[in-house]
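Have a look at the structure below before the remarks.
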Amino acid sequence: MNRRDFLQSSVAGAAIAGTKQGVAAPPLPPLPADALAGHTKLTDITIDGTRWAVWEDLRDADGAISFASPAGGLSLAKRTEPMSATADPAHLGLAMRDIALADADLLADRLLEGGGDPDPDQVRDAAPPSGSQFDAEKIGARLPWTAFVGTRQAEDTMPVFRNGRTRTYRPEHRFPELSGDDIALHRREGLLGGWLPAVHKVIPRKEGGHWDLLVFADTDADNRFIVETWHRTLHVEDGRIVAADYGHSYAPYPPRRVHPTPEAFYTVLFRFARAWQAELAEGVTVSLPDPEWADMANHAFAKELIVRPGGTWPKYGAVDRDYYGSEYDGFQDTFTNSLYANLLWGRFAQARAVLDQYFTDFVFPDGLVDMRGPETGQYGLTLALLARYLRLTGDAAMLAKHRDKIRATATLLADLHDASLKLPAGDRGHGLIHGWSESDACLHPDPMLWWKPYWANSAFAVRGWREIAGVWTGIGGSAADAADWSDRARRLHQRLEQGIRANIRRDLEPAYVGPLPGVDETFRQALSHGKRSEQGWPHRAYAELLQAGVLPPELEALVIDCLRGHGGTTLGVVANVGAPNAASRDILGFISYGYAEALLRQDRIAEYLLFLYSHRFHAHTRGSWVAGEVSGITGDLALFCIPAQLTIPTLLRWMLAYEDADADRLHLARAVPTRWILSGKSIAIAHAPTRWGPCGFSMRQVAPDRIEAEVQMPPRPPRETVLRVRLPVGRAVKRITIDGKPAAALPGSDIPLAQSGRPERHITIDLA
């Protein structure tokens, strides 16, 4: 049976080609005995000779779709979130003008003022949801799509609009009541199966009941550029289907093209779900009291595969020319953010593919990247991540393949370092690496205005040289190169610290240090004059300086306080800093994760959690989780970029398992919210890769006064492994046993796990 026959068939019994990667999806256990109680049977389908009954819980708009057979069961849960504003007044009752013009982050101050962890619901309600407002004049010709779908193999993506239509299919052809965007302003939106790239919309009907819409891309379609989409639109009332529409890509053109049957739709849906489960089978697994966090991480990696043609070719954005045009493909942040996130989650096959593709196609033999404006700091981050790749995967062959280009990258920074050393000793940039911090600098008539000694350029060079020198001979590099880079890192580190200390303005509160030496004004003052300033894009310069992690703790804390106290954060996330504007204050969805990592190192956990919650609720659309590069806090629709999408997996992994870069120390559960600790639900991570090998832990409150934990130590344990039990005010640790023996906690409820011959450690924590 050919594909067209399958689509038109009333009995969809033919098998379609499997997933492109040939990776097996995890096995399907039988559904629990009562899993289908109260559900409505929709149809039967046959796949690869196995007959499956399709059920759905229509009593609840978030009721699951389930497939049941003697071979096992597959249940696809639903979870939707309201897309309209959820709090009145908005902004915690603060005036937008005051929020926008204040140097202090007024919203963050309010959310943290009670002490302890921030309340995620209060963070959620602190600003209208992204995309809840639609200003046609501001958006211009760009249509207000709010989600998109796609596949690994298609070299394009398909936008999905508020009312469920795409650019090729409109459900209002069958249901005219769905015409226009206004009807969907108060919809709920989510993803089928928790994280699958299948957009689910619930739109209330004025007459009663609701519209239930599903849109997803066909994972078996082999069109190179065309994304084949499947659509289901139901009119549901009182737990029953009143009317239904099934569609495939285009409006019918009878008799050649007609609506597909329900059997065809559910067959493709089943295969779609199994294909995506196979795509994400590798890597870390987590279990959390709020399961949507793990869903967000999984969805981020699925979205990356959708955005990248073939799953590997880099794309910064999706759908629109900005940022899906080829002029953005070589953007360094797309590479470094992807490599980092995939390594943290043990997605080594994807990390390897991304690394190989980028160094093959986008790195020139002289170390330059095929991108309009190379960002100097990102070269150092690249070197550090290459060393991390080797330590986590052991794949020396991949780095050896690109050894000459890696050396050219390190040498490029050395050439910039040498140039700076030739400057007069009294020059502010003597011994500091000059170069663009932000790629967009090259688009201006005077790009050399930003060819300056930003602290971040030198900080990341220090980190990059340190890390690559440590592994260089292991991939066939010369010991002389490694020694030179180590020496340069030492000298540059000294110069960096000396330069920052000499440029602190302690006459300001909090103390101020600019993004580069020799500035007289704060970045907000400099940008308020309406002229281009060398302090442009300070958000990147500060975030990269902090992410490098090379500053002494007191200087790192000073930089954090400087950024937050002088207009550099919004809702606890790094702001997209520009000239002060009374009508807006934005969140920077990408790059900013370096600031969050510094908060974690500084043990400023409440601020770290505020960053996490604010990014989740205000840098993403609700439900469909489209992450914006720069998101406002007035409900405007942001422009998607994939580095912003991959921020949540990175922060979530650090929350659960974080390794010190410069100490033989592993932190477990360092930033777990206190409300999770005493929830009675499991908090667990397994197969988390570290430079000492994979590790994991599980923790759960088993009684009002007892918590139990199991820790899987890495095969080569570090000198220090610390498990943290973060407790709310009023609770304290009374007694600890490790493997049945009494133990003591460090200040802050940190439990040290000494090295021993036992890979598994059982811990009991009794509470006062």
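Quick note: the coordinates plus some simple rules give every number you see, no bench work behind them. Since this is a predicted model, take the numbers as computed values, not measurements. Note that each Cβ is placed from the backbone with ideal geometry, even for glycine, and that neighbours are counted across all protein chains shown.
Here is how the numbers come out for the structure above:
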{"read-out": "Euclidean distance of C-alpha centroids, segment 486-518 and segment 198-241, integer Å", "value": "55"}
{"read-out": "Sequence-separation-based contact order of the chain, relative, with Cα cut under 8 Å and 6+ spacing, percent", "value": "13"}
{"read-out": "log₁₀ of I(q)/I(0) at q = 0.13, 0.16, 0.22 Å⁻¹ - segment 28-86, Debye sum with one point per alpha carbon", "value": "-0.38, -0.53, -0.85"}
{"read-out": "Amide H contacts under 5 Å for Leu191, placed H, 5+ residues apart", "value": "Arg79, His200"}
{"read-out": "Karplus 3J(HN,Hα) series, Hz, for segment 735-745 with 6.51 cos²θ - 1.76 cosθ + 1.60 (x for Gly, Pro)", "value": "8, 10, 10, 10, 6, x, 10, x, 9, 10, 9"}
{"read-out": "Options [x] 34.0; [y] 38.7; [z] 40.6 - which one matches mean projected area of the Cα convex hull in nm² as calculated here", "value": "[x]"}
{"read-out": "Derived scalar couplings ³J(HN,Hα) [segment 749-766; Karplus, 6.51 cos²θ - 1.76 cosθ + 1.60; whole Hz; x for Gly, Pro]", "value": "6, 8, 10, x, 10, 5, 5, 7, x, 8, x, 9, 10, 9, 10, 10, 10, 8"}
{"read-out": "Nearest-0.05 FRET efficiency for Asp366 and Arg428, computed from C-beta distance (R0 25 Å)", "value": "0.30"}
{"read-out": "Ranked packing of 731-741, 323-333, most packed first, by mean Cβ within 10 Å", "value": "323-333, 731-741"}
{"read-out": "Inter-centroid distance (Cα atoms) of segment 67-122 relative to segment 647-686, Å", "value": "21"}
{"read-out": "Computed E for Val702/Ser756 - FRET, C-beta separation, R0 25 angstrom, nearest 0.05", "value": "0.55"}
{"read-out": "Stretch gain in nm, segment Asp561-Glu282, where the contour uses 0.36 nm per residue and the Cα spacing is subtracted", "value": "96.6 nm"}
{"read-out": "C-alpha center-to-center spacing [segment 350-382, segment 692-762] in angstrom", "value": "40"}
{"read-out": "Length gained when the stretch Asp507-Leu421 is fully extended (0.36 nm per residue, less Cα-Cα span)", "value": "27.9 nm"}
{"read-out": "Under 5 Å, built H, 5+ apart or other chain: amide partners of Thr570", "value": "Ala575"}
{"read-out": "Share of alpha-carbon pairs per 5 Å distance bin for segment 332-396, given as whole %", "value": "4, 18, 32, 26, 14, 6, 1"}
{"read-out": "Under the Debye formula (equal points on every Cα, no solvent term), log10 I(q)/I(0) of segment 516-646 at q = 0.09, 0.14, 0.16 Å⁻¹", "value": "-0.25, -0.60, -0.79"}
{"read-out": "Kirkwood-based shape ratio for segment 257-330, expressed as Rg/Rh from alpha carbons", "value": "1.08"}
{"read-out": "Rg(Cα)/(2.2 N^0.38 Å) for segment 152-298, N = residue count", "value": "1.10"}
{"read-out": "3J(HN,Hα) from dihedral phi, segment 259-271, Karplus parametrisation 6.51/-1.76/1.60, rounded to Hz, x for glycine, proline", "value": "4, x, 7, x, 4, 5, 4, 6, 5, 5, 4, 4, 5"}
